[in-house]
Amino acid sequence: MQTTVSAYRITGTCSAPSAPAASSCRAVVVDRHPVALSVELAGEIDIASAGCLAAAMERLEAAAWEAPLVIDVQQVSFADLTLVRFVDELAVVAGRRGLPLRVVGAHGGVRRLLRLVGLDDALGVTS
């Protein structure tokens, strides 16, 4: 796993050695924008990507940000409960800071998953 941190960007990527090349990359990108902190997820968000998500979560918790949090899942091709746990943990972190959280770009199976666990209404999930 490789994680780099700068003043405006936190990026984590990891590969699952046993996964096929097409699905081995999981990415988390956190950009600070003037009006929101955007967490962009891409690829397959499953148990194999839990380490990358945990590293990004640690960086987020340590960072000093005071803007609403937006989780963009438009580039997620597959998700299991690992995504649900990550979104729930981010909601807790944002809540502690008194900041709103939204999920955008939800589609297909990702949207169904968030709806099944009740996060779509709770977080204002949009397509």
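The H on the amide N of Val125, modeled in the peptide plane, is under 5 Å from the matching H of Val103, each at least 5 residues off or on a different chain. Here the Karplus curve 6.51 cos²θ - 1.76 cosθ + 1.60, taken at θ = phi - 60°, turns the phi angles of segment 86-91 into couplings of 4, 4, 4, 5, 5, 4 Hz, with x standing for Gly and Pro.
In this structure the amide hydrogen of Ala36, modeled in the peptide plane, comes within under 5 Å of no amide hydrogen from residues 5 or more places off or on another chain.
Around the amide H of Ala42, modelled in the peptide plane, lie the amide H atoms of Ala27, all under 5 Å away and 5 or more residues distant in sequence or on another chain. Here the peptides 81-89, 39-47 are ranked by packing, the mean other Cβ count within 10 Å, and the order with the highest first is 39-47, 81-89.
Between Ile47 and Val92, the modelled label-to-label distance comes to 2.0 nm, taking each label 7 Å out from Cα in the direction of the beta carbon.
Each reported figure results from applying straightforward, stated rules to the coordinates on display, with no laboratory input. What you see is a predicted model, and the numbers here were worked out from it, not measured in a lab. With ideal geometry, Cβ positions are generated from the backbone for all residues, glycine too; neighbour counts draw on all protein chains shown.
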